[in-house]
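Taken together, the values in this text are just the output of simple stated rules run on the coordinates, not laboratory data. These numbers were taken from a predicted model, which means no experiment stands behind them. Cβ placement follows ideal geometry from the backbone for every residue including glycine, while neighbour counts extend to all protein chains displayed.
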């Protein structure tokens with residue numbers, strides 16, 4: 001059963017604050033990646049390109065951890081464990097454009113690479129360890 005995000009946690013995630021995503025490699029070793037996030041209810045969403053390390057990791061093991069630290073208040077933190085419940089290309093290009101608007105203030109994601117296929121990833125919040 002998913003945990004629920006507090007109002008304060010939702011407010012932090014709604015801001016253009018980088019999150020840290022931890023994924024697990026085939027050998028169980030963790031990898032941490034800074035990234036842009038979004039939310040849909042109590043689920044967190046992020047976007048990446050097919051073939052990247054984090055994409056390969058979550059295809060092999062859907063367990064992840066995510067943390068967001070408020071740059072204005074280091075004690076306002078959201079830290080959770082979750083499970084990737086959806087990986088889709090449907091709406092992924094529009095999603096990365098929406099994240100670019102949130103984080104960069106531009107209408108279109110400016111770092112698109114020729115031939116890349118974007119994926120949108122949905123994470124169910126299994127356990128929230130900290131909420132500001």
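Couple of notes before you dig in:
- Residue count, the stretch 46-62 (criterion: at positive phi and within 14 Å of the chain's Cα centre (by Cα)): 0
- Filtered residues of the stretch 1-12 (kept if under 28 Å from residue 105 (Cα atoms) and either crowded, with 17+ Cβ neighbours inside 10 Å or free of Cβ contacts under 8 Å to residues at least 60 places away in the same chain (or both)): 5, 7, 9, 10, 11, 12
- Residue match in the stretch 13-35 (condition: under 20 Å from residue 127 (Cα atoms) and part of a helix (DSSP H, G or I)): yes
- For the stretch 106-131, the set of residues classified as surrounded by 12 or more Cβ atoms within 10 Å (Cβ to Cβ), without any contact (Cβ under 8 Å) to a residue 24 or more places away in the chain and farther than 21 Å from residue 15 by Cβ consists of 112 only.
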